[in-house]
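Please treat every number below as a calculation from the coordinates, not as lab data. Just so we're clear, the structure is a prediction, and the values are computed from it rather than from any experiment. Quick reminder, even Gly has a Cβ in these numbers, built from the backbone with ideal geometry, and neighbours come from all protein chains shown.
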Amino acid sequence: MLLVSCGGGLSGADIEATVEARISEEKAAKATVEAIVIARVESTVKAAPTPTLTPIPKQPHPELASGNSKKNNEGSYVHPGLEGCVEKDSVLFTHHATDLNSVNGIYPGIVTSGNWLKPNSYVWIDQDTPIYAPSDATNVGLLRWIQYYESESGARQERLQFNVQLQLSCDIRIYFGHVDELAEPFKTLAPTVAAIQVTSIGNYTFIPMEIKAGTLLGYAHNQNVSGAADGFDFVMSNSKKVNQFANQDRYLIQGDLENLLRAECPFDYYPESMRKEWSSLFGYRDIQTIGYDCDMSPDKIGTIAGGWFQSPHDPETDGRTVIDWGLSIRIKSDGNLNVGHPNGTLKVDPTDSTFKDPKTVTTPSCFYDSRSNKFGFLKPLGDMQMEAAFGNGSCPPKMPENSQNFYR
């Protein structure tokens, strides 16, 4: 059984007003977001501190753009979570974001996901677990969405999910992805219509409100269903952070690549003793890779490691084109070498003779996934280009003719 927040907090009139405002907002997507005043909520939850939610005084609104995005007077994009933000010299996490006894593995960012890189850290669980705010926040963003996935039999399944963003300072925000259930008052404040397979910022609802460290946000469920991972995403962004990549110019101008550029390791914001509790879980189930940690700069120039794209970088057009990921290469926290490519993912066991640390590979090399009986032949061509081919069976003696070039 899951614990649920006790009553108390919002009055019937407050809830009715909030719901009416949300319905009105969804009928008119371009309507101005009105200030929402949330009364003090007192909730008693096992292993969770009593949260205090206090209204933030309304700040001047930037001009509304399409969806939930905003523009300032110069026409530049302003993240809607910045309303009511507080400038801070530093941010410290004082509460664990979940019950660590429920965690059976963590893949710390930056992670591979298919053939692309993501700023997320994956937190895997083996039982239902609460999710808490690790630090004080001034704004919450809430997303309701439907995730489609395929079961092991190939049948399409769907799963209702929530994402929760918290603005910790004017520079730093975090979000939790794949939350299965929201706690009050967030459940009432969330959008009533679910986005379908889309988690873009325009589908969120943002509410300026004070959220204390330790506030219960919701729950991740251990549903144990085939085809879908059990766990949640823990993601952190810092607008002052600049991670380094092999081709920095591409990440500076091309769409969502900025999410990788500004990504932070959330575990670094815990005191040392609390961080050690998290890092002891880096791995998967009973597998732990010695010295494994966040890697916020997964590329290494001259090697195969990190992210690759299917077309060369063009500074004249890349700011207006879709990101065409080609390869993502990193050792995963379960110890396997993941080589994500356009048609799948090689998972090379550390006991296989072809296994290598990708940050040491500077010459033509072939990798073999014994579980799927597939290979990948990779050949660096200088610092910014690589030739690669993938196929069935064991490693061939030379590069196959059906190879493709990839670019930093």
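So for region 302-316 (the condition being surrounded by 18 or more Cβ atoms within 10 Å (Cβ to Cβ), touching a Pro at 6+ places or on another chain (Cβ under 7 Å) and farther than 23 Å from GLY255 by Cα), does at least one residue qualify?
Within region 302-316, one or more residues are surrounded by 18 or more Cβ atoms within 10 Å (Cβ to Cβ), touching a Pro at 6+ places or on another chain (Cβ under 7 Å) and farther than 23 Å from GLY255 by Cα.
Scan region 262-293 for residues that are more than 30 Å from GLU387 (Cβ to Cβ), in a loop (DSSP other than H, G, I, E, B) and not aliphatic (A, V, I, L, M) and jot them down.
Of everything in region 262-293, those that are more than 30 Å from GLU387 (Cβ to Cβ), in a loop (DSSP other than H, G, I, E, B) and not aliphatic (A, V, I, L, M) turn out to be ARG262, CYS265, TYR270, PRO271, SER280, ARG285, ASP286, GLN288, GLY291, ASP293.
Give the residues of region 336-355 that are of a type outside the set (A, V, I, L, M) and under 19 Å from LEU117 (Cβ atoms), sorted by residue number.
Answer for region 336-355, where residues must be of a type outside the set (A, V, I, L, M) and under 19 Å from LEU117 (Cβ atoms): ASN336, ASN338, GLY340, HIS341, PRO342, ASN343, GLY344, THR345, LYS347.
Consider THR362 against the criteria (1) touching a Gly at 6+ places or on another chain (Cβ under 8 Å); (2) β-branched (Val, Ile, Thr); (3) buried (at least 19 other Cβ atoms within 10 Å of the Cβ); (4) farther than 28 Å from GLU264 by Cβ: it satisfies all of them except one. Which criterion is unmet?
It is condition (3) that THR362 fails.
So which residues in region 142-160 are closer than 30 Å to ILE211 by Cα and touching a Phe, Trp or Tyr at 6+ places or on another chain (Cβ under 9 Å)?
LEU142, LEU143, ARG144, TRP145, ARG159, LEU160
Taking the criterion of being in a strand (DSSP E or B) and hydrophobic (A, V, I, L, M, F, W, C), would at least one residue in region 193-204 satisfy it?
Checking region 193-204: at least one residue is in a strand (DSSP E or B) and hydrophobic (A, V, I, L, M, F, W, C).
Restricting to region 319-330, name every residue that is over 19 Å from GLU387 (Cα atoms) and either surrounded by 22 or more Cβ atoms within 10 Å (Cβ to Cβ) or basic (Lys, Arg) (or both).
Hit for region 319-330 is ARG320, nothing else.
What do you reckon, is PHE375 farther than 30 Å from VAL123 by Cβ and crowded, with 21+ Cβ neighbours inside 10 Å?
Taking the combined requirement at face value, the residue satisfies it.
Which of (1) among the aliphatic types (A, V, I, L, M); (2) in a strand (DSSP E or B); (3) in contact with a His (Cβ under 9 Å, 6 or more places away or on another chain) is the odd one out, the single condition ALA213 does not satisfy?
(2)
Give me a count of the residues in region 269-294 that are more than 20 Å from ASN104 (Cα to Cα) and surrounded by 14 or more Cβ atoms within 10 Å (Cβ to Cβ). Steps first, please.
Filtering region 269-294 for residues more than 20 Å from ASN104 (Cα to Cα) gives 269, 271-272.
From the residues that got through so far, the ones that are surrounded by 14 or more Cβ atoms within 10 Å (Cβ to Cβ) too are 269.
Going through region 269-294 one residue at a time, the tally reaches 1.
Which residue pairs have Cβ atoms closer than 7 Å, lie 6 or more positions apart in sequence or on different chains, and pair a first residue in region 144-168 that is of a type in the set (Phe, Trp, Tyr) with a second residue that is assigned to a loop (DSSP other than H, G, I, E, B) and surrounded by 12 or more Cβ atoms within 10 Å (Cβ to Cβ)?
TRP145/ALA194; TRP145/THR199; TYR149/GLY227; TYR149/ALA228; PHE162/ALA190
Looking at (1) at positive phi; (2) out of contact with any Lys or Arg (no Cβ under 9 Å at 6 or more places or on another chain), can you tell me which one GLY344 breaks?
So the condition that GLY344 fails would be (2).
Take region 112-123 and flag every residue that is surrounded by 22 or more Cβ atoms within 10 Å (Cβ to Cβ) and not polar (S, T, N, Q).
Let us first name the residues in region 112-123 that are surrounded by 22 or more Cβ atoms within 10 Å (Cβ to Cβ), namely 112, 115, 117, 119-123.
Scanning region 112-123 gives LEU117, PRO119, TYR122, VAL123.
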